[in-house]
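**Q** Below: one structure in structure tokens.
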Amino acid sequence: MENCLFCRIIRGEIPSRRVYEDKDSVAFLDINPANPGHTLVMPKKHAENIFDADDELLGRVIVAAKVISKKIKESLNADGINVIQNNGRHAGQIVNHIHFHIIPRFANDTVIISYPQIKMEDKDFEEIQK
Ligand code: 5GP
Ligand code: ZN
């Protein structure tokens, strides 16, 4: 897509620190990392979010995300990895080209990934399950 930031990075019009590439997927370092090694994995072909991404392509991108996660964990000696994917402005998506955040985690890091834990009654669970 002409003016999409990540499409422009993929086309090489904007520089990035590329760490992985295959036929369908590309990965580069996040410019504002949560931790060293924070990487963004995405399809080369533009799709806005999980709702409009092609199924087969998305499957291949998540496999690429797995390969990259393992590589990052090994090479940085990470204790864990968060894989995060945001859809829509109110879910924290800023760049509207679908991407997975691969965030290496270390025992004593300062990253906070947080959400509240709300109380729900049995009847509310039953309703929401439907
Ligand atoms: P979102 O909030 O859309 O899930 O995440 C967008 C991510 O893209 C952010 O973590 C942000 O730091 C990263 N980002 C934004 N602009 C650029 C850029 O020009 N280059 C790179 N490498 N990352 C970017
Ligand atoms: Zn794009």
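Where a number appears in this text, it was derived from the coordinates with a stated rule and is not lab data. Just so it is clear, the model here is predicted, and its values are computed rather than measured. Note: ideal-geometry Cβ built from the backbone for every residue, glycine included; neighbour counts use all protein chains shown.
**Q** What aspartates and glutamates sit close enough to LYS44 to cross-link, taking a C-alpha to C-alpha distance under 18 Å and skipping anything fewer than 8 places away on the same chain?
**A** GLU2, GLU13, GLU21, ASP22, ASP24, ASP30, ASP52, ASP54, ASP55, GLU56
**Q** Rounded, prolate or oblate: pick one for the range 1-95, where a ≥ b ≥ c are the square roots of the eigenvalues of its C-alpha gyration tensor, a/c under 1.5 means rounded, and failing that, prolate if a/b is larger than b/c, else oblate.
**A** Rounded, because the longest to shortest axis ratio a/c is under 1.5.
**Q** What does the charge dipole of the range 12-126 about its Cα centre add up to, to the nearest 20 debye, if the Cβ of each Lys and Arg holds +1 and the Cβ of each Asp and Glu holds -1? Could you put the intermediate results ahead of the total?
**A** Values: 14 positive and 17 negative charges, 101 e Å.
It works out to roughly 480 debye.
**Q** Using r as the Cβ-Cβ distance of ARG17 and LYS70, and R0 as 25 Å, what FRET efficiency do you calculate, to the nearest 0.05?
**A** After rounding to 0.05, the efficiency reads 0.85.
**Q** PRE reach from ILE84 (point 7 Å along Cα→Cβ): which of the range 4-34 fall under 18 Å by backbone N?
**A** Residues passing the 18 Å test: 28-34.
**Q** For a quick check: sort SER16, SER25 by the number of other beta carbons within 10 angstrom, fewest at the front.
**A** Neighbour counts put them in this order, fewest first: SER16, SER25.
**Q** Show the residues, 5+ positions off or on another chain, whose built amide H is closer than 5 Å to the amide H of TYR20.
**A** HN-HN under 5 Å from TYR20: ALA27.
**Q** Also, I was wondering about something else. List HIS38, HIS90, HIS97 from most exposed to least, where exposure is judged by having the fewest other Cβ atoms within 10 Å.
**A** HIS90, HIS38, HIS97
**Q** Fewest to most neighbouring Cβ within 10 Å: what's the order for TYR20, TYR115?
**A** The fewest-first ordering by Cβ neighbours comes to TYR115, TYR20.
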